[in-house]
Amino acid sequence: MTDPVRMTVENGLAIIEIDNPPVNALSQAVRQGLVETVLAADADEAVKAIVIYGAGRTFIAGADIREFGKPPMPPSLPDVINQIELVSTPTVAALHGTALGGGLETALGAHYRVALASARFGLPEVNLGILPGAGGTQRLPRIVPIAKAVQMITGGGMIGAKEALELGLIDEIAQGDDVRAAGIAMAERLVAEGAKARPTSAREASAIDAEDFAKMQAAVAKKARGLKAPVNCMKAIEAAMTLPFDEGMTRERELFMELYNDPQRAAMVHAFFGEREVAKVPEIKTGAPRDIQQVGVIGGGTMGAGIATSALLAGLDVTLAERDQEAADKAAATVTGHLSGAVKRGKLAQAKFDAIVGGKFRTTTDYADFAQADLVIEAVFESMEVKQDVFGKLDKICKPGAILASNTSYLDINDIAAMTNRPEDVIGLHFFSPAHVMRLLEVVVADKTSADVVASGFALAKRMKKIAVRAGVCDGFIGNRILNAYAKAVNGAVLAGASPYDVDRAMEEFGLAMGLFRVADLAGLDIGWASRKRRAPDRDPREQYAEFADRICEKGRFGRKTGRGFYIHGDDRSEAPDPEVLEIIEAERSGKGITPREISDGEIIDRYMAAMVNESARVVGEGIALRPLDVDMTLLNGYGFPRWRGGPLHYADTVGLEKILNDIKAFQKEDDFFWQPAPLLEQLVAEGKTFASLNR
Ligand code: 3HC
Ligand code: NAI
């Protein structure tokens, strides 16, 4: 292996290149190489200044996350950066790409910073359940105002070069795109000016009113919703404000180690790698994505409008078809509204918005306008008849090679594909509502879908900045199938004695942004009601069917949009428990002869998780999901499962599969039709294995 850190000395400058593709992560070899070269340069009389820069597409993107959880391998990053900062030779960090985490911390340990205009900077450690543990929490508050340090460290986002310059985080934005040359130019100037080393640690930390800081601390803790890292980040920033640098570093270390050893860190790292692994599906090895420029969307309701928006934001050309002109105009207004929102939030430049409404987006009532489309996504009513009719027509109109996709939530893609003479071009692209916001896309592969069509689905997701998960065909694919299972379990808890409000509280305390009933009210109870009515004829008589949601719908109460559902909704977006809902549930219990009992929050979660893990095990066992991690990424990105718990199957591994199986067996006594252990779960328990063992 070639040395990942190389130094050359030219004209009195030591130029240190970090070359550890793909993102120059700070592996042990990089840390060692970096400290050795900087110390050697400092010891060399001929060297008047040092330049550190990254080879390839970026400066350092942080610590090597693959080393997490392994035994420590010296030198440690805080030591490396402290030693760099203390050299007497002026040191320049020349930055391009993304200087993230330990990468930005390395730059903060250098004495001067120059960046290309396209460079971005951030401390994303919080997204991995940790805090910047190589001096970032101590040095950043010595450069930028405390409120900004709080935002960057607890928010984990990135800022651009212009803002970094205004904040004094960098000293200069270089012209052009040659980062090495930019570093050399700055170093030469520093030498000419006789500039000295300028350690960040010697500066005073920024100050802030104690009361203001306390308010920020409270706000961060509230927003963290169970995630420990932001809370410790605030404690570390407080240490920077109140303690001398060395003591602040010691405190940072303590707070870092606390997080590093917490299961939340392992869960967040699982999510980081899972979101990358999930794109590695067999079809991308055999199929190259087709070129997609022109997209057709059929149906401009909730989903169609969101899908069109997402495609437009990804730079694609979109034609949206509706049933009549009035519906088409309404859809156009929805899409334009979504796009204006994106402009307001700074996600879309005004010029791009103008280009979209000026020509890249149009509506129609005639499918003939799809003749040149590379991809058509159908988002009409959830009815097999309507969808088959649409696909039959598309088959006649679309050009050869066009991809025909359905956004169906539950229906069988094979039956839809059968209406065409090109089933190999048909695929499910299951977006989540709101489609221009939610990151998840299920790519549903039918029996005859060709590999390049699957690869195209993944390429589209990437272009839309979404996480695509490969799913096989079944009722509800990965996500909705699992949702249906845990919804039944939660309904079972309600029939047994819990209230919907108990359920929501327990789920929210577990880490979900919203409990199941609150979500249902928000999405509209009519959607689930319609699908339950559709399935009623096929319902197994042995199923203990909970009827209370149907009773509520029969009163015309569909949740927030009608002012009442499980909750009573106020104009000010307030939500109050509804005594009538409790009466409806009580009536169902007495009709079924159930004597309600006390159900603890712990039991609610045990039921919810047992059902979720059990159905997930089926989904993996049947090959609907490729691996356990595919299920985890689905639930994290589409169903609000707390990221710091890693996903249901990661969670199951941490609590132990035996505990989950025992819970299922205990609940079985109450309802032995629903609570049947999945064969894969039983097998893993018998073999003493984890779900993680199937991810490799
Ligand atoms: N360590 C190890 N591997 C990393 C890595 C890291 N820090 N960052 C990225 N990678 C890997 C990815 O897993 C991926 O591997 P694969 O090709 O085998 O799947 C490969 O590098 C390319 O990554 P992406 O697919 O994400 O490439 P993008 O170009 O889309 O994004 C990026 C690049 C913005 C740098 C993104 O990878 C990223 O956000 N990385 C993580 C940055 C981060 O969290 N840094 C903080 C680390 S913790 C730390 O520094 C602790 C310190 O404070 C002590
Ligand atoms: P919606 O009722 O809001 O919109 C459907 C639209 O399709 C209507 O505007 C209707 O006028 C139009 N339409 C019906 N038949 C048409 C035809 N033959 N040609 C052109 N337009 C036609 O429904 P929604 O919620 O957008 O759902 C659409 C599809 O997306 C369904 O299959 C649904 O299961 C699925 N889905 C829905 C999600 C949700 O949360 N609403 C999430 C993911 C998928």
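Relative to the longest principal Cα axis of the chain, at what angle does helix 179-193 sit, 0 to 90 degrees, rounded to 10? The angle comes out at about 30 degrees. Each residue, Asp672 and Asp475, gets one label point 7 Å from its Cα in the Cβ direction; the gap between the two is 2.3 nm.
Once you sort the root eigenvalues of the Cα gyration tensor of region 186-286 as a ≥ b ≥ c, which label holds: rounded (a/c under 1.5), prolate (a/b larger than b/c) or oblate (the other case)? Each step should come with its number before you reach the end.
Numbers: a/c = 2.59, a/b = 1.30, b/c = 2.00.
The shape class here is oblate.
In loop segments of region 491-555 as defined by DSSP, the GluC sites (Glu not before Pro) with at most 12 further C-beta atoms inside 10 Å of their C-beta are Glu543. Across the accessible surface of region 628-678, with the other protein chains kept in place and a 1.4 Å probe, carbon and sulfur atoms take up 48 percent.
Based solely on its DSSP helices, what 222 nm [θ] is calculated for the chain when runs of n ≥ 4 H residues each add -39,500 (n - 2.57) and the sum is averaged over all residues, nearest 500 deg cm²/dmol?
So the helix-based figure for the chain works out to -14500 deg cm²/dmol.
With all protein chains kept in place, the per residue accessible area of the chain amounts to 42 square angstrom at a probe of 1.4 angstrom.
On the protein heavy atoms, probe 1.4 angstrom, tell me the percent of accessible surface of region 292-471 carried by carbon and sulfur. Before the final figure, lay out the partial values.
On the way: 3700 of 7210 Å².
With neighbouring chains kept in place, the figure for region 292-471 is 51 percent.
Using a/c under 1.5 as the rounded threshold, could you call region 464-601 rounded, prolate or oblate? The axes a ≥ b ≥ c are square roots of the C-alpha gyration tensor eigenvalues, and prolate needs a/b larger than b/c, oblate otherwise. Cα axes put region 464-601 in the rounded bin. If you roll a 1.4 Å probe over region 5-260 with all protein chains in place, what percent of the accessible area is carbon or sulfur? Looking at region 5-260 in its full context, I get 54 percent from C and S. Compared with the alpha-carbon gap, the fully stretched path from Glu163 to Val343 is longer by 62.9 nm at 0.36 nm per residue. Applying a DSSP loop filter and a limit of 16 other Cβ atoms within 10 Å to the chymotrypsin sites (Phe, Trp or Tyr not before Pro) in region 587-696 leaves Phe673.
Structural descriptor for the chain: relative contact order 9 percent, calculated from alpha carbon pairs under 8 angstrom and at least 6 residues apart.
With contacts defined as alpha carbon pairs under 8 Å and 6 or more residues apart, what's the relative contact order of region 5-260 in percent? List each step's numbers first, then the result.
Details: 533 pairs, mean separation 48.4, N = 256.
Computed value for region 5-260: 19 percent relative contact order.
Put Phe381, Phe245, Phe121 in order of accessible area, highest first, and with a 1.4 Å probe you get Phe381, Phe245, Phe121. Relative to the longest principal axis of the Cα atoms of the chain, the long axis of helix 229-242 makes an angle of roughly 30 degrees. The GluC sites (Glu not before Pro) of region 193-269 meeting both criteria, a DSSP state outside H, G, I, E and B (loop) and at most 10 other C-beta atoms within 10 angstrom of the site's C-beta, are Glu204.
Take the alpha-carbon positions of the chain, form their convex hull, and give its projected area averaged over all directions (one quarter of the hull surface) in nm². Could you put the intermediate results ahead of the total?
On the way: hull surface 133.2 nm².
Its Cα hull, projected and averaged over all orientations, spans 33.3 nm².
Between Lys592 and Lys665, full extension at 0.36 nm per residue minus the direct alpha carbon distance yields a gain of 24.0 nm. Annotation for Phe273 and Glu45: the two label points, set 7 Å from Cα along the Cα-Cβ direction, are 5.0 nm apart.
Placing unit charges on C-beta atoms (Lys and Arg positive, Asp and Glu negative, everything else neutral), compute the dipole magnitude of the chain about its Cα centre in debye, rounded to 20.
Details: 80 positive and 95 negative charges, 120 e Å.
Once rounded to the nearest 20, the dipole reads 580 debye.
Computed over region 5-154, the P(r) tail beyond 26 angstrom holds 19 percent of alpha carbon pairs. Between the helical axis of 146-155 and the longest alpha-carbon principal axis of the chain there is an angle of about 50 degrees.
The values are calculated or read from the model by the stated rules, or taken from the named source; none is laboratory data. In this text, all values refer to a predicted model and were calculated from it rather than measured experimentally. Reconstructed Cβ throughout: ideal geometry from the backbone, glycine too, with neighbour counts over all protein chains shown. Remember, those area values only see protein heavy atoms, side chains included, never the ligands or the DNA or RNA. Shrake-Rupley method; radii C 1.70, N 1.55, O 1.52, S 1.80 Å.
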